[in-house]
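The values are calculated or read from the model by the stated rules, or taken from the named source; none is laboratory data. Only a predicted model underlies this, so the values are computations on that prediction, with no experimental measurement involved. Because the Cβ atoms are built from the backbone with ideal geometry, glycine has one as well, and the counts that use them run over all protein chains shown. Each accessible area value is taken on the protein alone, full model and side chains, heavy atoms only, with ligands, DNA and RNA left out. Shrake-Rupley method; radii C 1.70, N 1.55, O 1.52, S 1.80 Å.
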Amino acid sequence: MRRSRNAVLLGAAAAVALVLGATGGRAQQPATTVDEAGWQGVLGVRAPVSTAQRYIVLLKPPSLAAQVRAAGGGASEKEMRAWSAAAVAQQDQFLARLAAVGARIAPEYRYTRVVNGFSARLDPTSLALLDADREVVGIYPVRIAYPAQAAESGGVLPSAVADLEIAGLDGSGVTVALLDTGVDPSQPYLRGRVLFGVDVIDPGSGGIAQPHPTIPGRPERHATELAGIIAGTEGPDGLHGIAPGASILPIRVGGWQPNAEGGYSVYSRTDQILAGLEAAVDPNDDGDAHDAARIALIGMVEPYAAFADGPLERGVAGAADLDVLTVVPAGNDGGAGPAYGSIAGPGAAETALTVAAADGRLAAPTVRVFVRAGLRVLYEDDVPLGGAPSETVTADVVLVDRRTASRGISALFSDDGVSAVAGRTVLLPRAALSEDTIEEATSAGALAVLVDGPLPAGAFSLDVPASVPVVGLDAGVVAEMRAMLAAGVPVTVSIGDVEVATRERGGSIAAFSSRGLVFDGSLKPNLAAPGVSVPTSEPGRSDDGDVRFGTISGTSAAAAVTAGVAAVLAQGRPAIGARGLHGLLVGSAQRADLDPTASGAGLVDLRAAVQQEVVAEPSVLSFGVAGGEGAGGAERVLRIMNVSTRPLAVSVGTAAIAPKGVEISVDPQRVRIRPGRSDEIVVRADTSDLSPVAGAATGDLVLRIGDSPEVHVPWAVAVPADVDLVTRLALKPTGTRISDATPAALSFVAGAVTAAPDPQVRAVELLEVELWRRGTRLGLLARRRELLPGRYTFGLTGRGVTGARLPRGLYAIRLVAYPGDGTRKQSDTIDYRVR
């Protein structure tokens, strides 16, 4: 979802409370509570969801994927089952050992296939024990993930995915695991394409879309829409998916779940998505991954979570080791978000195929909107149309708050059955905006729907009556309207005839699509695909019984297009593994006049991918931070594989235009590779003359192979902003004496969101809280990972690193922050007196 500039700063700086608890004989450790307020986008701010004290714990013993990788990439069914059983047994022993020393751990999800670990709610005692245990790799906070969708449609079903077909190839024999909400298998457009799936949230449903628990008529939509993009068949006017012969394995990792307001919202959690990846690589849960899906599409993302080495990112790498290509959206925080760090998780994973949304439309509808309060004109301008009205509308405005909208259509009627919105214009708050609330307002008789904040052109569903416009207005105008209505002044809105605004060119990156780099300085996204007004199926049927269709926008739609392309490519190139598919798709992408931090290698090109003869691994070269290695330079090894049936002479060079201040050299510049073999070249980036202006330097390596099309390998050098990662330390007592019941509150700001020249999100990969006295380090009080910019609070109880009471006196607390991009660690210190 897109968000406003203010929402970016608020969302990126979401407050997280960390409260130190004390237990006898143990080091004091913070019990983390994270109350995610969600993120603002086209479909609104999500209701708050609590992930209090939820963690993912990764362990050192090898997972199934690690065992397969160590064995050279192949294993028998017997070996895989033995390795999976061994991982389970090791976890059992680990949990028993921790329980014997006082840890209370009840795993909610256990992972042994793509990673080795588990997720659980952890109290301070258990957290302390785990943090100090030799078998623990890391403890990571569970985050909320949302559908990466910006729903919109026009009055017809446009062909937004042209030129992505190959005669004789339709994805037959390829299974795409869809990690998202449940799918509606009764949709005729999907008939015969949906397998019996897995429900991670409520086991046993088979991955079927679930209705809202309390409001009829609000089904889970998102996965049905993505499934139609991939494998739909026999739609209206010949509409079909990218890979109509592929099979969809629905894995329900998200959907209607309780929120912190006592209601329900559609979301997922990172521990649930990780469990979904486990199911994608071993659908029948027998420990053998030979039945793994060929492609895994994750339709939900963690906003602003571009950590490259977290649990989900490691899980994506594990899936690749088991020969599963994972396709993920880049995120929908682009246009109003920062230019560095707005990539959503798990899109930062090196092995993930991270997809941006391209906007290929040549025209977009607009309408003239006139807002009047009494005799005063509040607003008059052309705005993008969110619907497709056939006539002009003039009507008084009525407010509908989020609480009313969340109760469904019944809340729009009085007890005697009179609609409160019939014949009027409904003004919805951004937080209440969804396809369901739009449809419910129009079904209750609203003539028009206004939204607090701008909307892209397109309607929310083809079921919205053709006479009902849906438009977004500037937040300042909406605030004036609310003020007038509160003062008893009637507000009237007039919406004029539709005009079609012609775009200068197609093929641009959608404004909402998130930009790279990621937090470790790597280049993402990998490529772009159509992601605006993509035609697809909707769950259920309309009031008159017709099958429902619509179009959606978002990077999840673009990722679904790419997953379909990958399925067709996998059918056409069956000998190519997951990493090879990744390289074929990136290396063959259409180069365009686009920013690589927005589009990666360019626009996906199926025909070129099918014909490509070499694969580069990695498909994108990231040199890290400028000056971060050696004297102004960095080296990377590029492996070139010949996937053709003939020997190839490959020359390696750079694109004609390279950024100022970066000199790229390769050695050797020419290699000859036999069929099925590979060779390596060393690529060096000299950044000694690169300007220190924050941002990124990007370019392309070019692999030239005789009469075959060129293969491009994008590269990037990161230039992160120089910011303080730990600031505004403050220590305040909560009682007359520091104790377990009345700790001293240590607050600070971790990370930063920078401004000009390009906004950047600088996160903290690892934070250590140290206890010092008289210049001597006494030990570590706490260690936390993946801190997004925001204010954090620790409670200091007067206990030391062993959990014993500290003698009275003056101490110091030192916070040490490590960024994920290899730049310098930073620290700050504050005095701490124990009385």
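Looking at (1) over 30 Å from residue 651 (Cα atoms); (2) touching a Pro at 6+ places or on another chain (Cβ under 7 Å); (3) open to solvent by less than 10 Å² (accessible area, probe 1.4 Å), can you tell me which one residue 714 breaks?
Result: residue 714 passes all but (1).
Does any residue in segment 288-306 that is at pLDDT 95 or above come within less than 7 Å, Cβ to Cβ, of a residue that is of a type in the set (Lys, Arg) six or more places away or on a different chain, and which pairs are these?
If the second residue must be of a type in the set (Lys, Arg), the pairs left are 288/81; 289/113.
Pull up segment 717-740, narrow it to residues that are open to solvent by less than 10 Å² (accessible area, probe 1.4 Å) and not β-branched (Val, Ile, Thr), then point me to the one that is nearest to residue 625 (Cα to Cα).
Here the answer is 718.
What's the total number of residues in segment 389-429 that are of a type in the set (Lys, Arg), surrounded by 15 or more Cβ atoms within 10 Å (Cβ to Cβ) and either free of Cβ contacts under 8 Å to residues at least 12 places away in the same chain or more than 20 Å from residue 374 (Cα to Cα) (or both)?
Result for segment 389-429: 1.
Kindly check whether there is at least one residue in segment 255-262 that is touching a Leu at 6+ places or on another chain (Cβ under 6 Å), crowded, with 22+ Cβ neighbours inside 10 Å and not basic (Lys, Arg).
No, segment 255-262 contains no residue that is touching a Leu at 6+ places or on another chain (Cβ under 6 Å), crowded, with 22+ Cβ neighbours inside 10 Å and not basic (Lys, Arg).
Since residue 102 meets every condition but one in (1) crowded, with 18+ Cβ neighbours inside 10 Å; (2) outside any strand (DSSP E or B), which condition does it not meet?
Looking at each condition in turn, residue 102 falls short on (1).
Condition (residue is among the basic types (Lys, Arg), at pLDDT below 95 and over 31 Å from the mean Cα position of the chain (by Cα)) applied to segment 93-105: is it met by at least one residue?
Taking segment 93-105 and keeping what is among the basic types (Lys, Arg), we get 97, 104.
From what is left, the residues that are at pLDDT below 95 are 104.
Checking the rest, the ones that are also over 31 Å from the mean Cα position of the chain (by Cα) come to 104.
So far as segment 93-105 goes, yes, one or more of its residues are among the basic types (Lys, Arg), at pLDDT below 95 and over 31 Å from the mean Cα position of the chain (by Cα).
State whether the residues of segment 759-779 include one that is among the basic types (Lys, Arg), at pLDDT 90 or above and out of contact with any Phe, Trp or Tyr (no Cβ under 8 Å at 6 or more places or on another chain). Walk me through it before giving the result.
Looking only at segment 759-779, we keep the residues that are among the basic types (Lys, Arg), and these are 762, 773-774, 777.
Retained after the next criterion (residues that are at pLDDT 90 or above): 773-774, 777.
Cutting the leftovers down to out of contact with any Phe, Trp or Tyr (no Cβ under 8 Å at 6 or more places or on another chain) gives us 774, 777.
Looking for residues that are among the basic types (Lys, Arg), at pLDDT 90 or above and out of contact with any Phe, Trp or Tyr (no Cβ under 8 Å at 6 or more places or on another chain), one finds at least one in segment 759-779, hence yes.
Could you list, in sequence order, all residues of segment 672-689 that are open to solvent by less than 30 Å² (accessible area, probe 1.4 Å) and within 20 Å of residue 715 (Cα to Cα)?
Hits for segment 672-689 are 681, 683, 685, 687.
Which numbered condition in (1) open to solvent by less than 10 Å² (accessible area, probe 1.4 Å); (2) at pLDDT 95 or above is the only one that residue 146 fails?
In the conditions (1) open to solvent by less than 10 Å² (accessible area, probe 1.4 Å); (2) at pLDDT 95 or above, residue 146 misses (2) alone.
Out of everything in segment 437-446 that is surrounded by fewer than 23 Cβ atoms within 10 Å (Cβ to Cβ) and assigned to a helix (DSSP H, G or I), what residue ends up being modelled with the highest pLDDT? First the steps, then the outcome.
Restricting attention to segment 437-446, the residues satisfying the condition of being surrounded by fewer than 23 Cβ atoms within 10 Å (Cβ to Cβ) are 439, 443-445.
Next cut, assigned to a helix (DSSP H, G or I) only: 439, 443.
Numbers: 439: 77, 443: 83.
Among residues in segment 437-446 that are surrounded by fewer than 23 Cβ atoms within 10 Å (Cβ to Cβ) and assigned to a helix (DSSP H, G or I), the one modelled with the highest pLDDT is 443.
Of the residues in segment 722-740, how many are over 33 Å from the mean Cα position of the chain (by Cα) and not in a strand (DSSP E or B)?
Counting residues in segment 722-740 that are over 33 Å from the mean Cα position of the chain (by Cα) and not in a strand (DSSP E or B) gives 7.
Can you say whether residue 9 is at pLDDT below 50 and within 24 Å of the chain's Cα centre (by Cα), as far as the supplied structure shows? Even if it seems obvious, please write down each step before you answer.
Working: at pLDDT below 50: yes; within 24 Å of the chain's Cα centre (by Cα): yes.
In short, yes.
Which condition breaks for residue 160 when tested against (1) part of a loop (DSSP other than H, G, I, E, B); (2) open to solvent by 40 Å² or more (accessible area, probe 1.4 Å); (3) at pLDDT below 95?
Only one criterion in (1) part of a loop (DSSP other than H, G, I, E, B); (2) open to solvent by 40 Å² or more (accessible area, probe 1.4 Å); (3) at pLDDT below 95 is unmet by residue 160, namely (2).
Can you tell me which residues in segment 53-96 are open to solvent by 50 Å² or more (accessible area, probe 1.4 Å), touching a strand residue (DSSP E or B) at 6+ places or on another chain (Cβ under 8 Å) and not in a helix (DSSP H, G or I)?
Result: 53, 60.
Among the numbered criteria (1) touching a residue at least 24 places away in the same chain (Cβ under 8 Å); (2) surrounded by fewer than 20 Cβ atoms within 10 Å (Cβ to Cβ), which one does residue 746 miss?
Unmet condition: (2).
Can you find, within segment 782-828, the residue that is farthest from residue 739 (Cα to Cα) among those that are among the hydrophobic types (A, V, I, L, M, F, W, C) and under 23 Å from the mean Cα position of the chain (by Cα)?
The qualifying residue farthest from residue 739 (Cα to Cα) is 788.
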